[in-house]
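Everything on this sheet refers to the single structure shown next.
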Amino acid sequence: MGATTETFYSVIRRQGITRRSFHKFCSLTATSLGLGPVAASRIANALETKPRTPVIWMHGLECTCCSESFIRSAHPLVKDVVLSMISLDYDDTIMAAAGHQAEEILEETRAKYKGQYILAVEGNPPLNEGGMFCIDGGKPFVEKLKVMAEDAMAIIAWGACASWGCVQAAKPNPTQATPIDKVITNKPIIKVPGCPPIAEVMTGVVTYITTFAKLPELDRQGRPKMFYSQRIHDKCYRRPHFDAGQFVEEWDDEAARKGYCLYKMGCKGPTTYNACSTVRWNSGVSFPIQSGHGCIGCSEDGFWDKGSFYDRLTKIKQFGIEHNADEVGMVAAGTVGVAVAAHAAVTAVKRLATTRDDAKDSAKQDH
């Protein structure tokens, strides 16, 4: 526990990391958060002077995909976050301690760092039958969640499960699985939705809180604006094909091979807010749309109850020339037709004018 009083910088220096590498790390972190060069200096100063932040990571009803995503972060590396930047004092999935020993660590952290620790929650509590569908350490998870939230500095809802309820809360929801903001109502909660969230988004949120000792700016749904302010559709590399009315009509057709827009195949990119098309996955290698599969909208509320992942959206927010997929195609084709006709008309006028000028010149020469 005493290790929490150390700074991030003192820990990595002890591990043999050079100051040059430290500043490179700060620059990469600032870039991943969408911040400018000045922010890199602020991050460096904070990590040199502030003690590491204790983190309690709890698990309710979930599949652990958020943890699986988190440990694959590349910017910053998860080993830098977990082992150096923060003090992950409790995570019953990956910690060595178990049983009574684990429970003692939980209570000790809560008592020693009251009002100073981050409570990260993966999964959600079921409320039916007194919460008996999720027992943690001999107690209903919902009870432990309320107790640990009371003294937390900040609360992070990891993934669609904690943020919205996800598949556990899908109809008919027999366990009454509930998003954590419906249970914890007296504390601000940072929602980091996705099934799972992007690794760099997760570590980016922790880095921001650790560095600036405050919550990132949130949208009206409680999501960090730095990662959830734009639709996947807005930055998708297939967007020009959407605007041109070029769509995949069947899996593996010629349009699919050419990388045309997947909107007609059920892609939910136009209604999904996330950083997939910019940050991407697996250290920035790819994301579902780049792999040839449409977005399923996993970071949006209730995505399990909105029909098949392959049902085409009938309406989207109109933006500029956008209407719907068929109209865009018709408009694009019509525009091309009008342009061709206009070009032909202009060419004809120019030819006529040229012919008249030639005739006048010939007449002058005859005189």
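Just so you know, all these numbers are worked out from the coordinates, no wet-lab data involved. These numbers were taken from a predicted model, which means no experiment stands behind them. Note that each Cβ is placed from the backbone with ideal geometry, even for glycine, and that neighbours are counted across all protein chains shown.
What length, rounded to one decimal in nm, is gained on full extension from Glu129 through to Asp151, with 0.36 nm per residue of separation minus their alpha-carbon distance? Before the final figure, lay out each step's value.
Working: separation 22, 0.36 × 22 = 7.92 nm, distance 2.64 nm.
Working it through step by step, the gained length comes to 5.3 nm.
Rounded, prolate or oblate: which one fits segment 106-160, using the alpha carbon gyration tensor with axes a ≥ b ≥ c (rounded when a/c is under 1.5, else prolate when a/b beats b/c, else oblate)? Working shown, then result.
Details: a/c = 2.65, a/b = 1.52, b/c = 1.74.
Because a/c hits 1.5 or more and a/b fails to exceed b/c, segment 106-160 counts as oblate.
Computed about its Cα centre, the charge dipole of segment 112-201 is approximately 140 debye, with only Lys, Arg, Asp and Glu carrying charge at their Cβ. Label-to-label distance, Ser286 versus Ala96, with points set 7 angstrom from Cα along the beta-carbon direction: 3.8 nm.
Cα extents for segment 169-237 along the principal axes, largest to smallest and rounded to whole angstrom: 38, 35, 22. Computed from point charges on the beta carbon alone (+1 for Lys and Arg, -1 for Asp and Glu), the dipole magnitude for segment 152-279 about its Cα centre is near 460 Debye.
Would you mind telling me the antiparallel percentage of the DSSP bridges in segment 9-122, rounded to 5? Could you put the intermediate results ahead of the total?
On the way: 1 of 11 bridges.
Among the beta bridges of segment 9-122, antiparallel pairing accounts for roughly 10 percent.
Note down the Stokes-Einstein diffusion coefficient of segment 128-176 in µm²/s, whole number, using a Kirkwood radius over alpha carbon pairs, 20 °C, and 1.002 mPa s. The calculation lands on 177 µm²/s.
Rounded to the nearest Hz, the phi-derived 3J(HN,Hα) couplings of segment 296-305 under the Karplus curve 6.51 cos²θ - 1.76 cosθ + 1.60 (θ = phi - 60°) are 9, x, 5, 9, 9, 4, x, 5, 6, 9, where x marks glycine and proline.
Of the cross-linked pairs Lys144/Lys191; Lys112/Lys146; Lys139/Lys171, which ones have a Cα-Cα span greater than 21 Å in the structure shown?
Lys139/Lys171
With just the Cα atoms defining each centre, how far is segment 184-229 from segment 1-62? Give it in Å. Measuring centre to centre over Cα atoms gives 17 Å.
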